[in-house]
1. Just for the range 60-86: of the residues that are touching a Lys or Arg at 6+ places or on another chain (Cβ under 8 Å) and modelled with pLDDT of 50 or more, which one is surrounded by the most Cβ atoms within 10 Å (Cβ to Cβ)?
2. Taking interchain pairs and intrachain pairs at least six residues apart, which have beta carbon atoms under 8 angstrom, with the first residue in the range 138-166 and basic (Lys, Arg) and the second open to solvent by 100 Å² or more (accessible area, probe 1.4 Å)?
3. Going by the structure shown, is VAL132 modelled with pLDDT of 75 or more and open to solvent by 60 Å² or more (accessible area, probe 1.4 Å)?
4. Any residue in the range 2-27 that is over 15 Å from GLY38 (Cβ atoms) sitting within a Cβ distance under 7 Å of a residue that is basic (Lys, Arg) and open to solvent by 60 Å² or more (accessible area, probe 1.4 Å)? List the pairs, counting only those 6 or more apart or interchain.
5. Condition first: open to solvent by 80 Å² or more (accessible area, probe 1.4 Å) and not in a helix (DSSP H, G or I). Now tell me which residues in the range 135-166 satisfy that.
6. Any residue at all in the range 13-22 that is modelled with pLDDT under 90 and either of a type in the set (A, V, I, L, M, F, W, C) or farther than 14 Å from LEU62 by Cβ (or both)?
7. For residues that are at pLDDT below 85 and within 17 Å of ILE113 (Cα to Cα), scanning just the range 135-166, find the one that is nearest to the chain's Cα centre (by Cα).
8. Considering the range 32-46 alone, what residues qualify as being surrounded by fewer than 19 Cβ atoms within 10 Å (Cβ to Cβ) and in a helix (DSSP H, G or I)?
Amino acid sequence: MTIDEKIAKARREKRLTQEELADRLGVSRQAVSKWESGAALPETDKLARLSGLLGVSCDYLLCDDAEEEQENASGRPKQEAEAAGQTLMEEKDARCLHRRRPLTGGGVAVVAILVVAGALLALLSAIMLFTVQDNIELYAPTFIILFFVGCALVLIGVIVKLFLNK
């Protein structure tokens, strides 16, 4: 089954009209119609919300070989999970949002230290380079190296933020 067929099937199983599903997702009915006809694909953020509303995993929607029987994170069938009081949002969190999480306190601290230290080092070396008039030939290489090390720290901080945020 393709993603468009899976969306249509899951929507019908939940006894939702295209308009009701669109209202819950904050999109137009035409958008849902395009998803179900295969004319368009839902955006990533819509896909995560869609899977939660339809009670299916993101993997089920996206993968051709995903099993039809949806299980929750604890391995129980969907009906048992709902009977146990788990909400569709908990199901969605367990299935889809594990791929992208915000930085934790430690990650934020590492990024902040790298960026601030790098910026200060680059700024300080640039200021010192332009203010030292005596023996500039002697100090220039040191200040230039410090400037590039500072820029590298800022760049590393940005790269760390991008990788830790995924």
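1. Only one residue fits best here, namely LEU61.
2. LYS166/ARG99; LYS166/ARG100
3. Working: modelled with pLDDT of 75 or more: yes; open to solvent by 60 Å² or more (accessible area, probe 1.4 Å): no.
So VAL132 does not fit the description; no.
4. GLU19/ARG29; ALA22/ARG29; LEU25/ARG49
5. ASN135, LYS166
6. no
7. Step one: list which residues in the range 135-166 are at pLDDT below 85, which gives 135-140, 160-166.
If we keep only those that are within 17 Å of ILE113 (Cα to Cα) as well, we get 160-165.
Values: VAL160: 15, LYS161: 12, LEU162: 10, PHE163: 11, LEU164: 10, ASN165: 7 Å.
In this case the residue turns out to be ASN165.
8. First, pick out the residues of the range 32-46 that are surrounded by fewer than 19 Cβ atoms within 10 Å (Cβ to Cβ): 33-34, 37-41, 43-46.
Within the range 32-46, SER33, LYS34, SER37, THR44, ASP45, LYS46 qualify.
The values are calculated or read from the model by the stated rules, or taken from the named source; none is laboratory data. Computed from a predicted model, the values in this text were never measured in an experiment. When we count neighbours, we look across all protein chains shown, and the Cβ atoms used for this are built from the backbone with ideal geometry, even at glycine. SASA here: full protein model, heavy atoms, side chains in, ligands and nucleic acids out. Shrake-Rupley method; radii C 1.70, N 1.55, O 1.52, S 1.80 Å.
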